[in-house]
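Novice: Here it is, the structure, as structure tokens.
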Amino acid sequence: MSTTGKINVQTENIFPIIKKFLYSDNEIFLRELVSNAVDATQKLKALASMGEAKGDLGDTKIEIEVDKSSKTITIKDKGIGMTKEEIEKYITQIAFSGAEEFVNKYKDKVDKNVVIGHFGLGFYSSFMVAKKVEIFSLSYKDGSKAVRWECDGSPDYQIEEISNRTQRGTNIVLHIADDCEEFLEQSKIEGLLKKYCKFLPVEIKFGTKKDWIDSGEKDDKDEPKQTEIEVDNIINNPNPAWTKKPADLKDEDYKSFYHELYPMQFEEPLFHIHLNVDYPFNLTGILYFPKLSNKLEMPKDRIQLYSNQVFVTDNVENIVPDFLTLLRGVIDSPDIPLNVSRSYLQADGNVKKISSHITKKVADKLEEIFKKDRAEFEKKWDDIKIFVQYGVISDEKFYEKAVKFSLLKTTEGKYFTFDEFENHVKPNQTDKNKKLVYLYTTNVLEQHVYIDAAKSRGYEVLIMDTMLDPHYINSLESKLKDISFVRVDSDTVEKIISKEENTISKLSEEQQKELRPVIESSVPKEQFMIVFENLSEKDSPMLITRPEFMRRMKDMNQLGGGGGMSFMGNMPEMYNLVVNSNHPLISRILEEKDAEKQKSLTKQTADLALLSQGLLKGESLTNFIKRSVELI
């Protein structure tokens, strides 16, 4: 007997609302319907384990079929099934969730996370792509009769008992709308299944595929003969690595799963972190550290968020701190609050707790690796340095832990923790004001002459060559007591780490005054300031230095930020041309009576200083080379 009825909703406009507003992307209809099929199967298994579902469960695969000629997509499960009364209760009363009722009924007997659905609305996402939907279902309960339900997207539906179905479970048949025929392409559906259903906990069959097996016979070369056979095309892995206990997995298993997640990534991850928390919230997952370049680039293959093995999004900025988005992997939690379409996160106190916990676990893992095998950690430091820097800058809690394993690398290739480096350089790099000065370089080759001068005095020079380093240095200066970072070319070594002793100048003030206009004529006045310094005779006759404050602000503005001084990013570069008053060549320039020779000698000396900083280019470089040949 067939009956008709109306969907129990408050407005007849519910379907347009579902289609346009409730679900942000029509492709998720497949995720929702397959998730419902998984729920039905998981419920049956749970009931069987409690003795409430009798007999052999048999094959519980979910099947997806696309029929282009009839313009239908069918989702078949062999799960719990529904009676006529249950269809009217769960399907026609929108938002009355069968999953919620099931969990409440058996909350003391079954894990609440075995059931995916929570909203009772997933089925209606089918009307985003279908002009008509049919349900064919037979309940697992003894004596149940099969039922057919049909709705064309209006509030009117038809339901009837049928006699030609003997298979337990439910078939959902979608009659695809004319404007959604792209979903009738096999490749499109397979792509969606792999995107959203790749790790669902029940096997999902999508057609068949060819495979080869050993035939038991030998060929002419006495090699085993292979026979081609047709097998089920199972598109998912029901037991992904993150659902297993860490003790049951080896390094090879973690690497294999990494390539399952990211098949286009050929490099191995550096290491991994297995998340496994059941209190005060449920959270599992595996995070991988990829090799990171010195550029702050967000990886294309991002962390994937799942809810009970259902893919939700790879936009996880709201669930993990920004710096953790540099990692790859999977986070799975049914406790992360999603909107009803499971498409995006909702604001919630749990999100902050989960975010804090993930940060703590990552920091703990890095500290553990550092303590367990420091040599191995140092080998990987250059590849993870920018990640740690980003964390230190942006997350105070992370910094509190990172201070124990963050490393500073010298131009000699040695690594120090913050405490170790402080103790190492304190005796030699403390200035007359009792402040510790950390010298650093951003380019070992370009700044070699300055590094060499610093080393000649027994100073250590750090390598700080990532684009984050200007911000990182600023952050560390605010955290480490009485320590300043100064780039090795920002001033002469004597001034960078100013000691009590002063070298006596060979030039009087009058001589310096006489020499100044000669030197000023050799460089652009608007870019260079002439500074006389009493340096050692062994130092260069002229040096180019770049004042630390101005240069650092410009560097910071390239990435963004700079303490409200963004205008500095547009200011021209400013340099000091330091003249070594004690160098014999400077005395020779002063004593030269031939004005042309004096000008040429001064220009050659200044150009050498410019060349050492890569500032001699174009016509000036050409003239320098010609002049050098003439002098030789």
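Novice: Within the set of pairs 6+ apart or on separate chains, which have a first residue in the stretch 347-372 that is among the basic types (Lys, Arg), a second that is modelled with pLDDT of 90 or more and buried (at least 16 other Cβ atoms within 10 Å of the Cβ), and C-beta atoms under 7 Å apart?
Specialist: LYS361/ILE273; LYS361/LEU275; LYS365/ILE273
Novice: Looking at LYS495, LYS481, LYS513, can you tell me which residue is surrounded by fewer than 21 Cβ atoms within 10 Å (Cβ to Cβ), among the basic types (Lys, Arg) and in a loop (DSSP other than H, G, I, E, B)? Let's see the steps before the verdict.
Specialist: Details: LYS495 fails: in a loop (DSSP other than H, G, I, E, B); LYS513 fails: in a loop (DSSP other than H, G, I, E, B).
Criteria check complete, one pass: LYS481.
Novice: Please find, within the stretch 457-478, the residue that is surrounded by the fewest Cβ atoms within 10 Å (Cβ to Cβ) out of those that are in a helix (DSSP H, G or I) and touching a residue at least 60 places away in the same chain (Cβ under 8 Å).
Specialist: Step one: list which residues in the stretch 457-478 are in a helix (DSSP H, G or I), which gives 469-478.
Next, only the ones that are touching a residue at least 60 places away in the same chain (Cβ under 8 Å) stay: 469-476.
Values: ASP469: 25, PRO470: 24, HIS471: 23, TYR472: 21, ILE473: 23, ASN474: 18, SER475: 16, LEU476: 23.
Applying the filter and picking the extreme gives SER475.
Novice: Then there is this: For the stretch 425-434, check the following and say yes or no: at least one residue is of a type in the set (Asp, Glu), surrounded by fewer than 21 Cβ atoms within 10 Å (Cβ to Cβ) and not in a loop (DSSP other than H, G, I, E, B). Reasoning before the result, please.
Specialist: Taking the stretch 425-434 as the starting set, the residues that turn out to be of a type in the set (Asp, Glu) are 431.
This time we only want the ones that are surrounded by fewer than 21 Cβ atoms within 10 Å (Cβ to Cβ), so: 431.
Of the ones still in play, those that are also not in a loop (DSSP other than H, G, I, E, B) are none.
No, the stretch 425-434 contains no residue that is of a type in the set (Asp, Glu), surrounded by fewer than 21 Cβ atoms within 10 Å (Cβ to Cβ) and not in a loop (DSSP other than H, G, I, E, B).
Novice: Only one of ASP489, ASP431, ASP469 is under 28 Å from the mean Cα position of the chain (by Cα) and charged (D, E, K, R). Can you tell me which? Step through it out loud before you land on a result.
Specialist: Numbers: ASP489 fails: under 28 Å from the mean Cα position of the chain (by Cα); ASP431 fails: under 28 Å from the mean Cα position of the chain (by Cα).
Step by step, each of ASP489, ASP431, ASP469 is checked, and only ASP469 is under 28 Å from the mean Cα position of the chain (by Cα) and charged (D, E, K, R).
Novice: Would you be able to say whether some residue in the stretch 232-245 is loosely packed, with under 12 Cβ neighbours inside 10 Å and not hydroxyl-bearing (Ser, Thr, Tyr)?
Specialist: First pass over the stretch 232-245, keeping only residues loosely packed, with under 12 Cβ neighbours inside 10 Å: 239, 245.
Those left that are additionally not hydroxyl-bearing (Ser, Thr, Tyr): 239, 245.
Within the stretch 232-245, one or more residues are loosely packed, with under 12 Cβ neighbours inside 10 Å and not hydroxyl-bearing (Ser, Thr, Tyr).
Novice: Check the stretch 422-431 and report whether any residue there is at positive phi and not hydroxyl-bearing (Ser, Thr, Tyr). Step through it out loud before you land on a result.
Specialist: Quick first cut of the stretch 422-431, residues at positive phi only: none.
Looking through the stretch 422-431, none of the residues is at positive phi and not hydroxyl-bearing (Ser, Thr, Tyr).
Novice: Now a separate question. Can you pull out the residues in the stretch 264-286 that are aliphatic (A, V, I, L, M) and touching a strand residue (DSSP E or B) at 6+ places or on another chain (Cβ under 9 Å)? Walk me through how you get there before you give the answer.
Specialist: From the stretch 264-286, those aliphatic (A, V, I, L, M) are 264, 270, 273, 275, 277, 283, 286; that's our starting set.
Correct list: LEU270, ILE273, LEU275, VAL277, LEU283, ILE286.
Novice: Test each condition in (1) of a type in the set (A, V, I, L, M, F, W, C); (2) under 23 Å from GLU376 (Cα atoms); (3) modelled with pLDDT under 85 for LEU275 and report the one that comes out false.
Specialist: That leaves (3) as the condition not met.
Novice: Mind checking whether some residue in the stretch 447-462 is closer than 30 Å to LYS361 by Cα and within 32 Å of the chain's Cα centre (by Cα)? Steps first, answer last, please.
Specialist: Just the residues of the stretch 447-462 that are closer than 30 Å to LYS361 by Cα, to begin with: 462.
Now narrow it down to the ones that are within 32 Å of the chain's Cα centre (by Cα): 462.
Looking through the stretch 447-462, at least one residue is closer than 30 Å to LYS361 by Cα and within 32 Å of the chain's Cα centre (by Cα).
Novice: List pairs: first in the stretch 208-225 and closer than 30 Å to GLU63 by Cα and without any contact (Cβ under 8 Å) to a residue 40 or more places away in the chain, second surrounded by 10 or more Cβ atoms within 10 Å (Cβ to Cβ) and among the acidic types (Asp, Glu), Cβ under 7 Å, 6+ apart or cross-chain?
Specialist: THR208/GLU230; THR208/ASP232; LYS210/GLU230
Novice: Can I ask one more? Across the stretch 287-312, which residue is surrounded by the fewest Cβ atoms within 10 Å (Cβ to Cβ) among those that are under 13 Å from the mean Cα position of the chain (by Cα) and at pLDDT 85 or above?
Specialist: Checked the stretch 287-312; the qualifying residue surrounded by the fewest Cβ atoms within 10 Å (Cβ to Cβ) is PRO290.
Novice: How many residues, within the stretch 596-632, are hydrophobic (A, V, I, L, M, F, W, C), without any contact (Cβ under 8 Å) to a residue 60 or more places away in the chain and either out of contact with any Phe, Trp or Tyr (no Cβ under 8 Å at 6 or more places or on another chain) or part of a helix (DSSP H, G or I) (or both)?
Specialist: Residues of the stretch 596-632 that are hydrophobic (A, V, I, L, M, F, W, C), as a first pass: 601, 606, 608-611, 615-616, 621, 624-625, 629, 631-632.
Next, from what is left, pick out any that are without any contact (Cβ under 8 Å) to a residue 60 or more places away in the chain: 601, 611, 616, 621, 624-625, 629, 631-632.
Checking the rest, the ones that are also either out of contact with any Phe, Trp or Tyr (no Cβ under 8 Å at 6 or more places or on another chain) or part of a helix (DSSP H, G or I) (or both) come to 601, 611, 621, 624-625, 629, 631-632.
Selection size over the stretch 596-632: 8.
Novice: Take the residues in the stretch 142-159 that are surrounded by 15 or more Cβ atoms within 10 Å (Cβ to Cβ) and more than 46 Å from the chain's Cα centre (by Cα), then tell me which one is farthest from ILE87 (Cα to Cα).
Specialist: Top of the filtered list is SER144.
Novice: Residues that are modelled with pLDDT of 95 or more, surrounded by 14 or more Cβ atoms within 10 Å (Cβ to Cβ) and over 19 Å from GLN167 (Cα atoms): does the stretch 20-38 have at least one?
Specialist: no
Condition check ((1) within 28 Å of LEU30 (Cβ to Cβ); (2) assigned to a strand (DSSP E or B); (3) assigned by TED's automatic domain parsing to the domain that holds ILE354; (4) small (Gly, Ala, Ser)) across all residues:
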position: ASP214; (1), (2), (3), (4): no, yes, no, no
position: ASP232; (1), (2), (3), (4): yes, yes, no, no
position: GLU268; (1), (2), (3), (4): no, no, yes, no
position: ILE273; (1), (2), (3), (4): no, yes, yes, no
position: ILE286; (1), (2), (3), (4): yes, yes, yes, no
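Novice: Pick from PRO201, PRO280, PRO263: which is closer than 30 Å to ASP59 by Cβ, part of a loop (DSSP other than H, G, I, E, B), more than 24 Å from the chain's Cα centre (by Cα) and not polar (S, T, N, Q)? Lay out the reasoning, then the answer.
Specialist: Values: PRO280 fails: closer than 30 Å to ASP59 by Cβ; PRO263 fails: more than 24 Å from the chain's Cα centre (by Cα).
Matching residue, one of PRO201, PRO280, PRO263: PRO201.
Novice: Of the residues that make up the stretch 179-191, is at least one of a type in the set (A, V, I, L, M) and either without any contact (Cβ under 8 Å) to a residue 40 or more places away in the chain or assigned to a helix (DSSP H, G or I) (or both)?
Specialist: Quick first cut of the stretch 179-191, residues of a type in the set (A, V, I, L, M) only: 184, 189.
Filter once more, so that each one left must be either without any contact (Cβ under 8 Å) to a residue 40 or more places away in the chain or assigned to a helix (DSSP H, G or I) (or both): 184, 189.
Yes; the residues of the stretch 179-191 include at least one that is of a type in the set (A, V, I, L, M) and either without any contact (Cβ under 8 Å) to a residue 40 or more places away in the chain or assigned to a helix (DSSP H, G or I) (or both).
The values are calculated or read from the model by the stated rules, or taken from the named source; none is laboratory data. Since we're looking at a predicted model, the values are computed, not measured. All Cβ positions, glycine included, derive from the backbone under ideal geometry; neighbour counts span all protein chains shown.
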